[in-house]
Each structure stands twice: as C-alpha cells, then as structure tokens.
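Only one structure is covered here, and it is reproduced in the block below.
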Amino acid sequence: MKTISILGSTGSIGTQALEIVSANPDRFRISALTCGRNINLLSHQIRTFSPEIAVAERAEDALELQKIHPGTEILWGAEGLIRAAESPCDLLLNSLVGMMGLVPTFHAICKGKDIALANKETLVAGGQLIMDAVHNAGVRLLPVDSEHSAIFQCLQGNSGNPVKRLILTASGGPFRGWTKEQLRQVTLEQALDHPRWTMGPKITVDSATLMNKGLEVIEARWLFDVAPEQIQVAVHPQSIVHSMVEFRDNSILAQLGNPDMRVPIAYAFSWPERVPFRESGLDLFGSGACLTFEEVDEQAFPCLGYARKALEYGDSYAIALNGANEVLVDLFLRGRISFMDIPDKLGIIMEEHRPVSIDCIDTILQVDRQIREEAARLAAGV
Ligand SMILES: NC(=O)c1ccc[n+]([C@@H]2O[C@H](COP(=O)([O-])OP(=O)(O)OC[C@H]3O[C@@H](n4cnc5c(N)ncnc54)[C@H](OP(=O)(O)O)[C@@H]3O)[C@@H](O)[C@H]2O)c1
C-alpha cells in the first residue's frame, strides 16, 4: 500500500489522480489533500478519502472544515501547504497551479519524499536548484505531464544509451494555423476551448499561446539533463503520440495512447509497475489513427521562442518569463487584456529583464515578486 499526498486535489489533475486512487483501493491510500477555495469539493474528498491532513487557502474556510471533519487536521495558507508537503507519505503529487507549487515541492524534497510532479512552474522557476536538491536528497522526481511521462517511459531500460534528441509533441491548441492578425481577434471563450484536453484555465490559455510548450521545453531540459538544442517541438494535432526520444542510432521510441491524463498520473503513482485500466485504449483503426507532424509557426506563436531564449540566457530569465506569464494570463482570464497582449508584453519583459544569478529559493521568490509588479504595471500601461 502506497500513501499519497495531493497538493491541489480539487483541480483537473488532482481530481483525476483521486479517480486512480478510488479505482485502486488495494494499492493507494490518501494522506493529505489541499484546495484553494473550492472547499465544498475538498469537504467531499475528506469524507471519501479520510486524509490525516487537509489544507484550504483561507483560515475561515479551514476553521469551517475543521468543525465538519474533526478526524482530519485542517490547516490553511502557504504554511499549511508546506506542512502537508512535509507530512508522512510515500509520494507527493504536486498538482498546484503556478509558482505557488515551488516552495512546497522544495520542502518535500528536503524531507526525502519522492515527488510526482504535475506543477511545471516548479522546474521552470526552480530548475537547477530543484534538481540539485533532488540529487542531494536521493529522491525520485516522477513526471506527470503527458509529454515528460512519455519521454520518461521511452527512457526506461535505456540508461546506458545517450539521447540524441527529445521530441515534445504539441496539439497546436485551438488556434493552430491561425495568422497573427487572426489571433488579435481571439476571445476568452475561444482560448478556453482546447480541442483535445480538458484542463485548468491557466494551462488551457498557456496551450493556446503555446507558452505551455515553452514551459515544457524548460522542464524537459532539467528533468532529463539534456542541452536545450536537443529538444525539438513537433505539432501533432491528434495528440496520440505523447512525445518521442531519438537515440544515437537514429532509432526513435514513442509513447502512444488516447489523450487521458490518468495514464501518466497512474504511471507516476505506480512506477515501475503499471496499473490496469478498465476502459479500452487506442483504437488503431479509428478516426484518430492518422498521425501527422508539423513545425511550430513561431512567427504567430512567439512564446515558444521566448522560453528557448530564457534557457539560453540562463540566470533569472525563466523565472521572469514564468512570473510575467502568470500575471498576464490571469489578466486575460479576467478580461483585462487581449489574447495577443500576452506574447506582446512577454516579449517586452524578456527584453528589459535585468538578470540575477540564482543561489537560493528566496532569490527566486524575490525575482518572481519583482517581475509580477513589472508585468502588472506594463499591462496597465503605467
Ligand atoms: N490539467 C492537465 O491536464 C495538466 C497536464 C499537465 C500538466 N499540468 C500542470 O499541472 C498543474 C495543475 O494544473 P490543473 O490543470 O490541474 O490546474 P487547476 O485545475 O487550475 O487546479 C489547480 C489546483 O490548485 C489549487 N489552487 C489554486 N489556487 C490556490 C491557492 N491560492 N492556494 C492553494 N491552492 C490553490 C486549486 O484549488 P481550487 O480548486 O480550490 O481552486 C486546484 O486544486 C499546472 O502546473 C499545470 O501546468 C496540468
């Protein structure tokens, strides 16, 4: 029996992770669960999974939950997330959205916990520092993102074989093939209508701007310790091939399947085993079986290029890119800026960023705070 804690259990990844736990009661037991403000769902999850600890964003919500669930210790805020991350479990799934995922992941690693990582902002902002902590603590960092899970799966049994190229696939999002001029007319509703995946709002917008793929390139660089130029992105609209690895003999291994996040989540939970799924898998002769690959139109979607630049320039550039992107996406979600304001303003922020060398988590948080203020000012036209 493996005990699992889930940060962000009420989100898209968190709820799918709990489906895996429910379907495998003999394999997995829940130790801690956390939410932001969706306390009704968290309350339901506490009743179903009886965790030792649960965390809500606000104190008043936590105190309310404590009255209903006296058998569970209910905490709140950033401190509560750290306590949940550090509390005893065999594996911590971090499925928080955004930069708030970084600190709890770092604390859990330092406490010697294996991590199933969905929160991509942890590695985008924390990069080298997180990987150093992983190596020093001797823990495992198991990828949950479907692309990184695919690469991780292709690498199994290949530890002695140098990688020539990682090929990250991208669905292309809802605006594949659109010109820059067409993208200027995009509405919030269109941006939230992803053709293949149902996800939280932030990653859905990131997928539409292709920033999501940029964040994944940065994540892959750290997870698999490859040079940025070894990572290629291919638009694959069917989302059947989840990513590929090319070895030095030019053999390419790929991982295929229907777009279903429960598969990489379950693999991270049970690695190196695989858990059975009741549903049938990919229909090779069905309509989704035609596999095509295209290059990214980086003129129309410059965010991928910004992410590559952030890797090339090093220091605090990826933190700046990530923090500014979070602010701009949030403003777009609240109807305050247009879709194309996101890449336009990110380009300015990357150009004007004054890099800082990163030596500890506090420096990352400081740069992140500063860049958020700058991005908000820029977006407000101040
Ligand atoms: N969804 C996918 O298919 C997918 C695939 C690959 C990678 N990822 C990555 O996984 C991460 C999670 O994505 P998601 O789509 O699952 O996001 P999501 O649906 O928005 O869920 C985010 C989770 O974080 C919680 N949260 C939000 N604000 C919070 C706060 N201030 N304090 C504490 N908790 C807070 C949310 O709680 P409430 O529900 O209470 O708001 C929710 O549990 C992201 O980094 C994303 O890039 C997602």
Margin query: Which three numbers, in whole Å and largest first, are the semi-axes of the equivalent ellipsoid of the range 122-265 derived from its Cα gyration tensor as √(5λ)?
Written below: 28, 18, 14
Check: Taking the Cα centre of the range 314-382 as origin and charging only Cβ (+1 Lys, Arg; -1 Asp, Glu), how large is the dipole, in debye to the nearest 20?
Finding: 280
Next item on the list: Place a +1 charge on the Cβ of each Lys and Arg in the range 2-143 and a -1 charge on the Cβ of each Asp and Glu, then give the dipole magnitude about the Cα centre in debye, rounded to the nearest 20.
Entry: 200
Next item on the list: Grab the alpha carbons of the chain, take their convex hull, and tell me the volume per residue in Å³.
Entry: 142
Next item on the list: Please state, to two decimals, what the Cα-based radius of gyration of the range 201-335 comes to when divided by 2.2 N^0.38 Å (N = residues).
Entry: 1.19
Checklist line | Contact order normalised by residue count of the chain, Cα under 8 Å, 6+ apart, percent | finding: 15
Checklist line | Listed residues Asn24, Ala150, Ala125: farthest to the positive end of the dipole of the chain (Cβ charges) | finding: Asn24
Note to self: Order 74-82, 132-140 from most to least packed using the mean count of other Cβ atoms within 10 Å.
What the structure shows: 74-82, 132-140
Next item on the list: Return the sequence-ordered ³J(HN,Hα) values of the range 158-171 in whole Hz as given by the Karplus equation 6.51 cos²θ - 1.76 cosθ + 1.60 applied to θ = phi - 60°, using x for Gly and Pro.
Entry: 10, 4, x, 9, x, 8, 8, 8, 9, 10, 8, 8, 9, 5
Check: Would you list Thr34, Thr15, Thr204 from fewest to most Cβ contacts within 10 Å?
Finding: Thr15, Thr204, Thr34
Next item on the list: Return P(r) of the range 4-55 (all Cα-Cα pairs; 5 Å bins starting at 0; whole %; ordered from short to long distances).
Entry: 5, 24, 38, 25, 7, 1, 0
Next item on the list: List every DSSP H helix in the chain whose Cα atoms extend 20 Å or more along the helix's own long axis and whose mean Kyte-Doolittle hydropathy is at least -1.0.
Entry: 121-137, 317-333, 361-380
Check: Can you sort Leu333, Leu33, Leu141 so the residue with the fewest Cβ neighbours within 10 Å comes first?
Finding: Leu333, Leu141, Leu33
Check: For the range 200-250, what are the per-bin percents of Cα-Cα distances with bins 10 Å wide, up to the bin holding the maximum?
Finding: 20, 50, 26, 3, 0
Check: Among Ala23, Ala318, Ala85, which one moves the most in a GNM of the chain with springs linking Cα atoms closer than 10 Å?
Finding: Ala23
Check: Under 5 Å between amide H atoms, partner at least 5 residues away or on a different chain: which partners does Ile30 have, H built in plane at 1.01 Å?
Finding: Ile4
Checklist line | Separation of alpha-carbon centers, the range 179-234 and the range 251-285, rounded to whole Å | finding: 22
Check: If each Cα of the range 2-143 is one equal point scatterer, what is log10 of I(q)/I(0) from the Debye formula at q = 0.10, 0.17, 0.22 Å⁻¹?
Finding: -0.29, -0.84, -1.35
Next item on the list: Report the charge-dipole magnitude of the chain in Debye, nearest 20, computed about the Cα centre from +1 at each Lys and Arg Cβ and -1 at each Asp and Glu Cβ.
Entry: 500
Margin query: If I model a spin label at Leu155 and Asp249 as a point 7 Å from the Cα along the Cα→Cβ vector, what separation in nanometres do I get?
Written below: 2.0
Next item on the list: Take every Cα-Cα distance within the range 314-382, group them into 5 Å bins from 0 onward, and report for each bin the whole-number percent of pairs it holds.
Entry: 3, 19, 31, 23, 13, 8, 3, 0
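We did not get these values from a lab; they are worked out from the coordinates using the rules stated. Nothing here was measured: the structure is a model prediction, and the numbers come from that model. As a convention, Cβ positions derive from the backbone with ideal geometry for all residues, glycine included, and neighbour counts pool all protein chains shown.
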